[in-house]
Amino acid sequence: MKYLDEFQDPALARRLFDEIRATVTRPWALMEVCGGQTHSIIRHGIDQLLPDEIELIHGPGCPVCVTPLEMIDKALEIASRPDVIFCSFGDMLRVPGTGRDLFTVRGEGGDVRVVYSPLDALRVARANPDKQVVFFGIGFETTAPPNAMTVYQARRLGIRNFSLLVSHVRVPPAIEALMTSPDCRVQAFLAAGHVCSVMGTEEYPELAERHRVPIVVTGFEPLDILAGVRLAVRQLERGEHRVENAYPRAVRAEGNPAARAMLADVFEVTDRAWRGIGTIPASGWRLAEAYREFDAEHRFAVGDLTTVEPAECRSGDVLQGLIKPHECEAFGTRCTPRTPLGATMVSSEGACAAYYLYRRLGGVPTPVKAAPVG
């Protein structure tokens, strides 16, 4: 398949659904790791069209959602300073910190700018040598390489008024944390294809073997997801637990060597806090010692902020797959995209946002214009 419409072909979708129905004989719980996959699943009604035996659990794969509250508050503190131009992707501006967000800081006079690439922030730094320019670097293995490249370029070009506020996280340690939780119900994973396109698949076989869970690398279009579900269910029914690549057009076992080399040069692995989940060992990156001067946390001395999550927000339970969004008491009432309690409601990849957008407001979905696949 080469063209986008092929990945939404109703006839092929029906065949995949039929194959899954013919294969499944007992209940199975599968977790899609990526928030983009979650939105595709909910938008197209894939979870409702699958056999009743298959439950899709939404995982912690939304980069905005897992950025911890203390990191949001550090961003707010830095962005409020008069000598700072704070640059970020747009989806971070409405993520609530303690009492306010980046939009509020901008409304109070802070120079907060939306950019579309970290290199845009570097250009802002070159054009404003009298200002400190900070880029909010969040995300998984997919967004880390361009952020690493930007810091590399800043050092190479001698741009000293640029720094990176780093909140990068890694998927394999999150899978490890989920599987070792006493509340875990996950029996197979649909791994994020874009992450594996960068990092490859070499970290997953050991996880699959040790926890006896199939891990299927999966894309984001409806047929990609159905192909991943089919392979995962087939393994479960056969009692297998290995890594399979259902996204070969984008993912190779070795990943992207150039991107991995850049990550290894600029970053080093560290423990990282995940919003609503807690600290997961070796689950993130920080700037390596050679690039530490570009670390905004150190430059602005904001390393000691402490925060408390709103007790009413259950986004941590959503991110761990313990509840569905509509099972949160605040969902759709006290927590909406206009009045969010947590990042899962405002992020374009958040599970709560997907349920709200596609009218999954309770146990039975409200019809929407987007037709399900098939």
TODO: Identify, from the list L76, L12, the residue that is in a helix (DSSP H, G or I) and either on the phi > 0 side of the Ramachandran plot or over 24 Å from the mean Cα position of the chain (by Cα) (or both).
DONE: L12
TODO: Within segment 179-197, track down each residue that is of a type outside the set (G, A, S) and open to solvent by 20 Å² or more (accessible area, probe 1.4 Å).
DONE: M179, T180, P182, D183, C184, R185, Q187, H194
- [ ] Being in contact with a Cys (Cβ under 7 Å, 6 or more places away or on another chain) and open to solvent by 10 Å² or more (accessible area, probe 1.4 Å) narrows it down to one of L341, L322, so name that one.
- [x] L341
Open item on the list: Which of the numbered conditions does L190 fail, given that it passes all the others? Conditions: (1) over 30 Å from I54 (Cα atoms); (2) touching a Gly at 6+ places or on another chain (Cβ under 9 Å).
Closed with: (1)
Task: Filter result for G158 (at pLDDT 95 or above and on the phi > 0 side of the Ramachandran plot) - done: yes
Task: Within segment 208-307, strands (runs of 3 or more DSSP E) holding 1 or more residues that are open to solvent by less than 30 Å² (accessible area, probe 1.4 Å) and farther than 30 Å from V151 by Cβ - done: 215-218
- [ ] Given the conditions (1) in contact with a Pro (Cβ under 9 Å, 6 or more places away or on another chain); (2) open to solvent by 10 Å² or more (accessible area, probe 1.4 Å), report the number of the one that A127 does not fulfil.
- [x] (1)
Open item on the list: Cβ contacts < 7 Å: first residue on the phi < 0 side of the Ramachandran plot, restricted to segment 238-255; second residue charged (D, E, K, R) and assigned to a loop (DSSP other than H, G, I, E, B), any location; separation 6+ or different chain. Result?
Closed with: H241/R212; A253/E202
Open item on the list: Quick test for you: out of L165, L178, L76, pick the one residue that is closer than 25 Å to S283 by Cβ, touching a Gly at 6+ places or on another chain (Cβ under 8 Å) and without any contact (Cβ under 8 Å) to a residue 60 or more places away in the chain.
Closed with: L76
Task: Considering residues of segment 62-91 that are surrounded by fewer than 20 Cβ atoms within 10 Å (Cβ to Cβ) and among the small types (G, A, S) only, the residue nearest to D317 (Cα to Cα) - done: G90
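Could we say that R81 is more than 23 Å from T339 (Cα to Cα), at pLDDT 95 or above and of a type in the set (K, R) here?
yes
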Open item on the list: I want to confirm something. Restricting to segment 348-366 and keeping residues that are open to solvent by less than 30 Å² (accessible area, probe 1.4 Å) and out of contact with any Pro (no Cβ under 8 Å at 6 or more places or on another chain), which single residue is modelled with the lowest pLDDT?
Closed with: G362
TODO: Filter segment 1-39 for residues that are among the small types (G, A, S) and at pLDDT below 95 and give the result.
DONE: A11, A13, G35, G36
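The values are calculated or read from the model by the stated rules, or taken from the named source; none is laboratory data. Computed from a predicted model, the values in this text were never measured in an experiment. Virtual Cβ from ideal backbone geometry, glycine too; neighbours counted across all protein chains shown. Note: areas computed on protein heavy atoms with side chains; ligands, DNA, RNA excluded. Shrake-Rupley method; radii C 1.70, N 1.55, O 1.52, S 1.80 Å.
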